[in-house]
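One structure is given below, encoded as structure tokens.
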Amino acid sequence: MRDEIQLRGLRRNDTASLVEFMSGNNFIHGLTVLPYISEYDVQRLVEPSDTRHWIIAALNDQAIGYVYLEWGKGRWRNIAMLAIGVADQHVRKGAGRKLLNAALWLGFRYLDLHKIELVVYADNEPAIRLYDSVGFVREGMKRRNAFRDGHHPDALVMSILQSDYESSRR
């Protein structure tokens, strides 16, 4: 029987797996995570929140990826920021697409979101192609957005509106 990626909610014992794959070289290069992330930092990130919801991609019940939506309060209640990451050895094997589709479905169908945004390094072409393929559009460029490996790369701001998501599903 072939192993299949399953989606599920975040579990208390996922912290160790998250720390392990968040320390991968490609993971660090693609996101703003610092090398040698601590279990304490990950534990703080996964603490329960009224404005954040996690989905975990698991293989044989081991976390190999995540996506979370974090939304604002008040007038920003219906807009969420999306963060996604997949363990280096599972990149380009379908986990990212599966997580992304689940987050959009959850956000627009159950969290009453109007817009989902993300920020991606401008040189992360595989991720940008994935976001384009599910309907995200480019909103702008954040010049010299972060410090990574001795350089200040640009980042794209991308988003998808609920109306565009619904239209693409018809």
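With respect to GLU139, is the statement that it is in contact with a Ser or Thr (Cβ under 6 Å, 6 or more places away or on another chain), acidic (Asp, Glu), farther than 20 Å from GLY9 by Cβ and free of Cβ contacts under 8 Å to residues at least 24 places away in the same chain true? Write out each step before concluding.
Details: in contact with a Ser or Thr (Cβ under 6 Å, 6 or more places away or on another chain): yes; acidic (Asp, Glu): yes; farther than 20 Å from GLY9 by Cβ: yes; free of Cβ contacts under 8 Å to residues at least 24 places away in the same chain: yes.
Yes.
Have a look at ALA87, ALA57, ALA103 and point out the one that is under 26 Å from SER133 (Cα atoms), among the aliphatic types (A, V, I, L, M) and modelled with pLDDT under 95.
Numbers: ALA57 fails: modelled with pLDDT under 95; ALA103 fails: modelled with pLDDT under 95.
Among ALA87, ALA57, ALA103, only ALA87 is under 26 Å from SER133 (Cα atoms), among the aliphatic types (A, V, I, L, M) and modelled with pLDDT under 95.
Return the total of residues in the range 152-169 being within 23 Å of GLY94 (Cβ to Cβ) and assigned to a loop (DSSP other than H, G, I, E, B).
1
How many of the residues making up the range 136-151 are part of a loop (DSSP other than H, G, I, E, B) and farther than 11 Å from ALA122 by Cα?
Step one: filter the range 136-151 for residues part of a loop (DSSP other than H, G, I, E, B), giving 136, 143-147, 149-150.
Checking which are farther than 11 Å from ALA122 by Cα leaves us with 136, 146-147, 149-150.
Residues that pass the stated criteria total 5.
Can you tell me how many residues in the range 133-169 are modelled with pLDDT of 90 or more, of a type outside the set (A, V, I, L, M, F, W, C) and farther than 22 Å from ALA87 by Cβ?
Going through the range 133-169, the residues modelled with pLDDT of 90 or more turn out to be 133-144, 152, 154-166.
Pick out the ones that are also of a type outside the set (A, V, I, L, M, F, W, C) and you get 133, 135, 138-140, 142-144, 152, 154, 159, 162-166.
Subset that is farther than 22 Å from ALA87 by Cβ: 135, 138-140, 142-144, 152, 154, 159, 162-166.
Result for the range 133-169: 15.
Do any residues in the range 144-170 that are surrounded by 13 or more Cβ atoms within 10 Å (Cβ to Cβ) have Cβ atoms under 7 Å from those of residues that are aromatic (Phe, Trp, Tyr), where the two are at least six apart or on different chains, and which pairs are they?
Taking only residues 6 or more apart or on different chains, the pairs are PRO153/TYR121; ALA155/TYR121; MET158/TYR131; MET158/PHE136; SER159/PHE136; ILE160/PHE136; GLN162/PHE108; TYR165/PHE108.
Can you go through ASP14, ASP112 and tell me which one is over 12 Å from the mean Cα position of the chain (by Cα), touching a residue at least 24 places away in the same chain (Cβ under 8 Å) and either under 22 Å from ARG138 (Cβ atoms) or assigned to a helix (DSSP H, G or I) (or both)? Before the answer, list the steps.
Details: ASP112 fails: either under 22 Å from ARG138 (Cβ atoms) or assigned to a helix (DSSP H, G or I) (or both).
ASP14 is the lone residue from the list that is over 12 Å from the mean Cα position of the chain (by Cα), touching a residue at least 24 places away in the same chain (Cβ under 8 Å) and either under 22 Å from ARG138 (Cβ atoms) or assigned to a helix (DSSP H, G or I) (or both).
Please work out if ILE128 is assigned to a strand (DSSP E or B) and in contact (Cβ under 8 Å) with a residue 12 or more places away in the chain.
When the stated conditions are applied, ILE128 does not pass them.
Quick one: in the range 123-132, of everything that is at pLDDT below 95 and within 16 Å of ILE84 (Cα to Cα), which residue is surrounded by the most Cβ atoms within 10 Å (Cβ to Cβ)? Give the derivation first.
Pass one, the range 123-132, residues at pLDDT below 95: 123-127.
Filter once more, so that each one left must be within 16 Å of ILE84 (Cα to Cα): 124-127.
Values: ASN124: 17, GLU125: 10, PRO126: 11, ALA127: 21.
Ranking the qualifying residues of the range 123-132, first place goes to ALA127.
Of all residues being buried (at least 17 other Cβ atoms within 10 Å of the Cβ) and in contact (Cβ under 8 Å) with a residue 60 or more places away in the chain in the range 91-109, which is farthest from the chain's Cα centre (by Cα)? Just the residue, please.
For the range 91-109, the residue satisfying everything is VAL91.
Answer with yes or no whether ASP132 is of a type in the set (D, E, K, R) and under 23 Å from GLY65 (Cα atoms). Before you say what the answer is, go through the steps one by one.
Working: of a type in the set (D, E, K, R): yes; under 23 Å from GLY65 (Cα atoms): yes.
The answer is yes for ASP132.
The values are calculated or read from the model by the stated rules, or taken from the named source; none is laboratory data. Fair warning: this is a prediction, and the values are worked out from it, not measured in the lab. Cβ coordinates were reconstructed from backbone atoms using ideal geometry, including for glycine residues, and neighbour counts include every protein chain displayed.
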